[in-house]
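Enquirer: Okay, handing you the structure first.
The values are calculated or read from the model by the stated rules, or taken from the named source; none is laboratory data. Quantities reported herein were computed from a predicted structural model and do not represent experimental measurements. We work out accessible area using only protein heavy atoms, side chains counted, and drop any ligands, DNA or RNA first. Shrake-Rupley method; radii C 1.70, N 1.55, O 1.52, S 1.80 Å.
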Amino acid sequence: MDLYWASGSPYSWRVLLALEHKRLGYVSHLLQLSKQEHKSPQMLAMNPRGRLPVLKNGDYVVFESLAILYYLDLKYPEPPIFGRTSEEAAVIMRVICEFAAYTEEHIGRICDALFSGRMPLHSDAITESMHTVGREARTIELRLSQSEWIVGDSYSAADMVIFPSIQLLRRALARPGGADLARRFLPIEANYPALGRWLDRIEALPGYTKTRPPHW
């Protein structure tokens with residue numbers, strides 16, 4: 001398999017976590033977004049949207065991170081990342097959909113403001129996003145206070161989807177100028193202790209170091 005990905009992309013990170021968890025062999029192609037390598041003719045032939053990650057397995061190409069996770073789980077079912085029962089799979093997918101619908105955009109807005117400076121950090125939009133992220137973090141904290149993983153007793157696609165975005169948010173809040181925003185969220189270990197322990201558990205998993213963004 002060939003994986004085309006970008007360092008620091010939470011969507012790419014999800015797929016790397018899944019590949020390492022399933023202990024699948026793959027050829028890593030780290031592309032430079034600053035050089036527009038993801039827009040090359042070769043990449044556009046595989047994904048006309050010019051987005052990453054892209055997974056190529058023989059002649060088959062799949063893109064969009066959640067579709068890649070689903071493909072990998074059906075193609076290589078052990079260990080499963082979408083549960084072992086239809087009920088567990090539905091909960092995992094529901095939690096992923098909730099995160100995408102209610103949290104992901106707000107994390108992206110905060111990170112973009114801190115990394116690019118295109119939006120004032122004290123704008124109403126950023127304040128709203130911080131409130132939303134805090135509220136959703138409390139929901140995740142409650143889940144993790146009852147179980148070691150986001151859904152049930154096993155590491156799953158829900159963990160793989162949510163973990164990179166939280167790590168990206170932590171990195172953004174640590175930037176110069178982010179101190180006022182960071183006080184509402186950091187240190188995670190104090191404000192969200194179960195969430196902090198969950199982050200540590202993922203970082204201790206076999207193969208995790210191979211997934212961490214190299215430019216970090």
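Enquirer: Could you check how much of the accessible area of the stretch 132-216 is carbon and sulfur, as a whole percent, using a 1.4 Å probe?
Expert: Result for the stretch 132-216: 50 percent of the exposed heavy-atom area is carbon or sulfur.
Enquirer: Now for a different question. Rolling a 1.4 Å sphere over the protein heavy atoms, what is the accessible area per residue of the chain, to the nearest Å²?
Expert: With all protein chains present, the chain gives 50 Å² per residue.
Enquirer: Nearest 5 percent is fine: what portion of the DSSP beta bridges confined to the stretch 1-128 is antiparallel?
Expert: In the stretch 1-128, DSSP labels about 65 percent of beta bridges as antiparallel.
Enquirer: Given a 1.4 Å probe and heavy atoms of the protein chains only, how would you sort Y11, Y192, largest accessible area at the top?
Expert: Y11, Y192
Enquirer: Give me the aspartates and glutamates in straight-line cross-link reach of K75: C-alpha distance below 19 Å, same-chain residues under 8 apart excluded.
Expert: D2, E20, D59, E64, E88
Enquirer: According to the square roots a ≥ b ≥ c of the eigenvalues of the Cα gyration tensor, what is the shape class of the chain, taking rounded for a/c under 1.5, prolate for a/b larger than b/c otherwise, and oblate for the remainder?
Expert: oblate
Enquirer: Under 8 Å for C-alpha pairs, at least 6 residues apart: give me the relative contact order for the chain, rounded to a whole percent.
Expert: Relative CO of the chain lands at 24 percent.
Enquirer: Go through L74, L55, L44 and list them by solvent-accessible area, largest first, probe radius 1.4 Å.
Expert: Heavy-atom accessible area, descending, gives L74, L44, L55.
Enquirer: Tell me, what % of the accessible area of the stretch 1-79 is carbon and sulfur with a 1.4 angstrom probe?
Expert: Heavy-atom surface of the stretch 1-79 belonging to carbon and sulfur, 1.4 Å probe: 53 percent.
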